[in-house]
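These notes are about the structure you will find just below.
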Amino acid sequence: MSGADKPITPPLEHLPAEDAPTPALKGIEAIRDTWKRLPMKPGVYRMIGADGEVLYVGKAKSLKNRVGQYAQGRGHTNAIYRMIHQTMSMEIIVTATETEALLLETNMIKRLRPRYNVLMRDDKSFPYIAIRTDHETPVLQKHRGAKSFKGKFYGPFASAGAVNRTLNTLQKAFLLRSCSDSTFSGRTRPCMLYQIKRCSAPCTGLVNDGEYAAPVKDAMIS
């Protein structure tokens, strides 16, 4: 974890008494109380239940904006409404970049197995991000339903919009292809994603297999 991966200063539990969160707050009021302190920076947030259990781990390009969506109290699935109701406090880690937040979020979910991340993982209606490795040139893609192909799966995500935002971040960071196999095999010139620096164009040989394998390995978090 880099030096940027550290709790907001001052940490919530060390705020002056007059600014400290009220212990009796819960649910949406506890979330709003945390939201007031958040910066417009990327990071990871954890929702904590009454007994200290980590209910959910999420990442954000802007912590202020993302947690603000929970604080609005509308437009959520039933599972997320239940999670909000059970939240007693939040823990925040600010990161230097959105990609760093994504990597930290993934590691925390694997280590902590928060209840609501697991519930969504078991619901096939929630979207995932997959790195499909059953092709000699692995592909980064959105995925729903059964995991019927070889690869690595990340998620689940609460909405298709969250998947799309994360895919954009990963494309910028790792330049992996996201096209279908038929499109990949039929290309003779790099597509627009290469022009806007979101793909390294392995379809036309602008990178060889060894050069492409390195960012694939970096993206496939162990």
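The values are calculated or read from the model by the stated rules, or taken from the named source; none is laboratory data. Note that the coordinates shown come from a computational prediction; the quantities given were computed from them, not determined experimentally. All Cβ positions, even for glycine, are placed from backbone atoms using ideal geometry, and neighbour counts span all protein chains on display.
Have a look at Lys59, Lys36 and point out the one that is at pLDDT 90 or above and buried (at least 18 other Cβ atoms within 10 Å of the Cβ).
Lys59
To keep it simple, each residue is scored yes or no on (1) at pLDDT below 90; (2) of a type in the set (A, V, I, L, M).
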{"residue": "Glu105", "(1), (2)": "yes, no"}
{"residue": "Lys110", "(1), (2)": "yes, no"}
{"residue": "Lys124", "(1), (2)": "yes, no"}
{"residue": "Glu136", "(1), (2)": "no, no"}
{"residue": "Ser148", "(1), (2)": "yes, no"}
{"residue": "Val163", "(1), (2)": "yes, yes"}
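For a quick check of your reading: which strands (runs of 3 or more DSSP E) sit entirely within the stretch 121-222 and have at least 1 residues that are among the charged types (D, E, K, R) and out of contact with any strand residue (DSSP E or B) (no Cβ under 6 Å at 6 or more places or on another chain)?
Correct list: 139-143.
Which members of the stretch 152-178 meet the condition of being over 17 Å from Leu103 (Cβ atoms), surrounded by fewer than 19 Cβ atoms within 10 Å (Cβ to Cβ) and in contact (Cβ under 8 Å) with a residue 12 or more places away in the chain?
Ser159, Ala160, Asn164, Ser178
Can Thr87 be described as in the same structural domain as Arg198 (by TED's automatic domain parsing) and hydroxyl-bearing (Ser, Thr, Tyr)?
Against the criterion (in the same structural domain as Arg198 (by TED's automatic domain parsing) and hydroxyl-bearing (Ser, Thr, Tyr)), Thr87 does not qualify.
Quickly run through the stretch 179-192 and pick out the residues that are of a type outside the set (Val, Ile, Thr) and surrounded by 12 or more Cβ atoms within 10 Å (Cβ to Cβ).
Those that are of a type outside the set (Val, Ile, Thr) and surrounded by 12 or more Cβ atoms within 10 Å (Cβ to Cβ): Cys179, Asp181, Phe184, Arg187, Pro190, Cys191.
With Ala79, Ala71 as the choices, which residue is out of contact with any Leu (no Cβ under 9 Å at 6 or more places or on another chain) and either assigned to a helix (DSSP H, G or I) or without any contact (Cβ under 8 Å) to a residue 40 or more places away in the chain (or both)?
Criteria check complete, one pass: Ala71.
Quick test for you: out of Pro138, Pro114, Pro127, pick the one residue that is under 14 Å from Val163 (Cβ atoms) and either in contact with a Ser or Thr (Cβ under 6 Å, 6 or more places away or on another chain) or not basic (Lys, Arg) (or both).
One residue alone meets the criteria, Pro127.
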